[in-house]
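Below: one structure, written as structure tokens.
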Amino acid sequence: MTVESEAGVPAAPTAGSSTGRLQRFGRALPALPGLAVLVFLFLVPMAIMFVFSFWKTNNDFVAVPDWNLGNYARFFVEGTYLRTFIKTLIMAALVTTTALAIGLPFAYFLVRYTGKLTQRVILLAVIVPFWTSYLVRVYAWQAILGEHGALNQILQAIGVIKVPLDIFNYDDPGVFVVLTYIYFPFALLALYASLEKFDFTQLNAAQDLGARPDQAFRHILLPQIRAGIITACIFVFIPILGEFLTPTLVGGAQSSLIANLVLNFLRNDQFAEGAALAIIIAAFVTAIMIVFRKSFRVEDVVTSG
Amino acid sequence: MPVSRFARQTRWSLIVLTGAMLVFLYLPIAFLILFSFEDAATPGLPITGLTIHWYQVLASDSAIQNALLTSIEVAVVVTIIASIVGTMVAFPLVRGGVRGAGVLRLLFTLPIMIPGFLIGIGLLIFFRQGLHPLVDVQLGLYTVVAGHLVFTIPFVVLIVASRLQGFDRRLEWASADLGASPMRTLRHIVLPLIAPAILAGALLCVTLSIDEFVITFFLIGPQQTLPLYIYTQIKFGVTPEVNAIATVILLVSLLTVALGSLLLTGRRRLLRRPR
Amino acid sequence: MADLNSRLARREFLKLAGAVGATAGMSAFLAACSTSGVTAAPATVAPSLAAGATPGASAAATPGPTGTFNWLTWGDHWYQAEMDQIAATYGIKANITSFSDDIDAYTKVQQVGGQVDLVSEDALWVPYFYQHQLIDAFDINSLKVASQLYSVAREFSIWTTPAGYLGYPNGWAPIQIAYDPAHVTSGADSWQLLLDPKYKKRVVVEDQPVEVMAYMGKAAGVKDPYNMTDAEIAQAKALLVQLKPNILRLAPQATDTVAALKNGEAWIATINLGEDTAVKDQGGPTLNVFTPKEGSIGWMDAEMLVHGGVNNNLLMPFLEVHEQAEYVAANFMINRRPLFSEAAYKLLINQGQQELADHLLFNKPETVNTMTLKGPGTSTQAAIAAFNDVFGS
């Protein structure tokens, strides 16, 4: 198979000017199956959703080419979608900030103060629960946060509160807690991957040269783990834009996030209307990805540990 | 070692923070396991009694077992295909001198970051209304596999590409110098050395596919995977049996990892023995 | 670096191999356990069927076809012991897939067609399926077991066509409102109870935009809540705005409603008939129920024969057995929903369960004629848009 030979042999020593069009095509051949999946199972469906978003769904649950901008206008005109989207952005930002605020010291502790084995163990301890069902874990949170849940029962038993707490009771704070729970490991992995590569002797050198610890931290450490921080942010922020299960399971009447609103249409086969809203979210995500493409490194996160 | 004079306080506060976070992470797990032993028809407080009944129900519940088996089947197929296809993509992406490799890399990252329900809905619309005039695509495990591939292949691509990027090509040149054909070089030098990356990707595929709910939900036919089974238990919904199966899965995962680490440490210790 | 990678390799490989091996072993273990017999159930769940008495055994005097068919249905249409027994005695196995809302089954069957043999649906969805050529009509009186049904169940006009009947009736329920009498002392006769500002965060309704809007439509006096005009939608929406602060949560499944009522977090909820008994059984408070005076919504479901079902030769023999009074009565005891079998009612009386059966209106199947039946409507989109408006931020 000439294909592998082109991919395997480097451009150095004996290779001549193998820039013929056929040979270039041959080199690209192994990528075809993957590209086929990308194009036919991702780009084309997204394109179709894009087309549908300009159509309308009739009473028979079929999208018909009644070209209009109404589905997009709905997002901007009807207020609720824009407000809910902003609320989702805020929730995502809060969860991301919290995950970073806890994840950074957590990862720092692992890298600085523990041995390789302990690091492995603790990282696994954080990750293994994620091999159980997402749904069952979130259901378990209901039992903790509710009016008669474990949290209230314990707090009342030890006398900290007299009346059950209401803030977690099927409300936004509860959604916040569970989302932080779900997405913390992603942030941790990204930060750990980045911190692990950092050469800590630089901090010692900086302090030898007279810098205070916080100065060394701010001017030496943070810039170098910037990519890791951005990756952590993206791994937490973006998926939350698509979260609907957690608000449904632990949220209340006012906890709907943008994905819940979109799904209300899609789950009733109102494809055209739902597609437009979904495309808007997808466009937003794509924009973020493009802006941060240089700093975002998935592979570091995934191969760490 | 840190030289700050706040070292001890820093160290202790970090230990407390890490410990507290670990407790937070395991709190629902503890309840999850507790409820699996609960003597009630719905998992939740108050606990009125303990029983192993649900594990017995689990052992004889063919529906939930079939769902689990289906999940595993799908995950295995997805992993095999994604690993092969993803690795194949990585080569030209890194070495092929393809123009716009940066754009391609971005495109391959996109499916990972687009929320799952968009992919699910997009594919559903595609299969159902887009392709419908041309070809009659029936929803089933094939469509589920297709949906899973969309977001697993990019992971493999990115991981293997990253590994390939740092690959020392002098090894390949040396092999060529010694007379090996490109094919042999690939099989005996390159692939074994990037195998860890491929395996890391494969492991990730299994993990992602097995608990995949959203995309599966939209694309499945008259079959059932485990996450779907748990969710669509409607009208008289979830019993502690699902807690039981979640606990079982947790235990199996922990045992597997423990076993793997043990074997690994054992092997390493073996290798360190002086000759 | 190479060392780390090879360590990583062995580690990952072992993890993978171990995971595969362990799960394979686990499934083998579970499979082995499942053949060792059915386990005993707790007292509140399935009554055990007497070992020898297989229902309908006399009906299947001659051996019929055997095999497996595909059934798309809800969890309360069957129970495991029954399925095991039918498989063992008649060799007919059901490969069951569950779904959530009526529209999900419609989408599925539209897609998958004959891959499903038997599907369950509600009320007006049944003729909707027929209009879209998804199911076959049949002569219900050709089934011997159909004589066990209440006669009214064999004569629903919406399920009658010249070509035959559209489905084998299963069960029904009106949507009722359940409330805790310890906390609710007035207004317990109207949809307006849900809107009473006294009950902030004490009400649970389903997470189904179209249904909840229908409730509000009923509360506003709308006649056909699934085909509302824009003006009617506006009226319903105004009531929805009043409802919102009272809602504790939008329950994704009935189990969530039951859980909230059971532990006292919710005092009022919209339920399917019978869920109040489940709350009591699980140690929750004794609830009162009522059907709102403005009229209620309800459903009745049936098993339908999918057009072109690959295994549809098994369906009639299956129904002959599955719909026998003994199984139906046992199903009632598990799921606490009235079913359309008159013979099952008589059996329940013999079993000493008349009080429960009467409480759950088992002997009053004609109630369905007073309900607004669920079905696909023309105001779906408008209802969702209104719901999003209210429940968004």
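The values are calculated or read from the model by the stated rules, or taken from the named source; none is laboratory data. This structure is a prediction, so every number in the text was calculated from the model and none was measured. Neighbour counts are summed over all protein chains in view; Cβ atoms, including those assigned to glycine, are modelled from backbone coordinates with ideal geometry.
Summary table below
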quantity: Residue satisfying all of: in the stretch C:296-310; within 13 Å of another protein chain (Cβ to nearest Cβ) and assigned to a strand (DSSP E or B); nearest to C:Asp139 (Cα to Cα) among these; calculated: C:Val306
quantity: Which numbered condition A:Ala125 fails, given (1) at the interface with chain B (Cβ under 8 Å from one of its Cβ atoms); (2) surrounded by 23 or more Cβ atoms within 10 Å (Cβ to Cβ); calculated: (2)
quantity: Residue count for the stretch B:137-162, restricted to those that are touching a Leu at 6+ places or on another chain (Cβ under 7 Å) and assigned to a loop (DSSP other than H, G, I, E, B); calculated: 2
quantity: Check on B:Pro154, away from chain C (no Cβ under 11 Å) and within 16 Å of the chain's Cα centre (by Cα); calculated: yes
quantity: Subset of the stretch B:152-199 (residues that are touching a Pro at 6+ places or on another chain (Cβ under 7 Å) and surrounded by fewer than 24 Cβ atoms within 10 Å (Cβ to Cβ)); calculated: B:Arg169, B:Glu172, B:Trp173
quantity: Helices (runs of 4 or more DSSP H) lying entirely in the stretch B:1-107 (those with 3 or more residues that are among the polar types (S, T, N, Q) and modelled with pLDDT under 90); calculated: B:7-36, B:62-95
quantity: Hey, C:Asp281 surrounded by fewer than 22 Cβ atoms within 10 Å (Cβ to Cβ), within 12 Å of chain B (Cβ to nearest Cβ) and out of contact with any helix residue (DSSP H, G or I) (no Cβ under 7 Å at 6 or more places or on another chain) or not; calculated: yes
quantity: Flag for B:Ala59 being more than 11 Å from chain A (Cβ to nearest Cβ), in contact with a strand residue (DSSP E or B) (Cβ under 9 Å, 6 or more places away or on another chain), over 30 Å from A:Ala92 (Cα atoms) and not polar (S, T, N, Q); calculated: no
quantity: Failed item in (1) in contact with a Lys or Arg (Cβ under 6 Å, 6 or more places away or on another chain); (2) more than 9 Å from every other protein chain (Cβ to nearest Cβ), with B:Val103 passing the rest; calculated: (1)
quantity: Residues located in the stretch C:62-112, provided they are assigned to a helix (DSSP H, G or I), hydroxyl-bearing (Ser, Thr, Tyr) and buried (at least 23 other Cβ atoms within 10 Å of the Cβ); calculated: none
quantity: Meets criteria (more than 14 Å from chain A (Cβ to nearest Cβ), in contact with an Asp or Glu (Cβ under 9 Å, 6 or more places away or on another chain) and either surrounded by fewer than 19 Cβ atoms within 10 Å (Cβ to Cβ) or touching a residue at least 60 places away in the same chain (Cβ under 8 Å) (or both)) for C:Lys364; calculated: yes
quantity: Residue in the stretch B:63-74 that is under 24 Å from B:Val160 (Cα atoms), polar (S, T, N, Q) and either within 11 Å of chain A (Cβ to nearest Cβ) or under 23 Å from the mean Cα position of the chain (by Cα) (or both) present; calculated: no
quantity: Matching residues, the stretch A:77-95, being over 17 Å from the mean Cα position of the chain (by Cα) and either in a loop (DSSP other than H, G, I, E, B) or not hydrophobic (A, V, I, L, M, F, W, C) (or both); calculated: A:Glu78, A:Gly79, A:Thr80, A:Tyr81, A:Arg83, A:Thr84
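The rows are residues; the columns are (1) under 17 Å from C:Met371 (Cα atoms); (2) within 14 Å of chain B (Cβ to nearest Cβ); (3) part of a loop (DSSP other than H, G, I, E, B); (4) of a type in the set (S, T, N, Q).
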| site | (1), (2), (3), (4) |
| --- | --- |
| C:Val184 | no, no, yes, no |
| C:Val212 | yes, no, no, no |
| C:Gly217 | yes, no, no, no |
| C:Asn227 | yes, no, yes, yes |
| C:Lys237 | no, no, no, no |
| C:Leu240 | no, no, no, no |
| C:Leu243 | no, no, no, no |
| C:Val258 | no, yes, no, no |
| C:Gly264 | no, yes, yes, no |
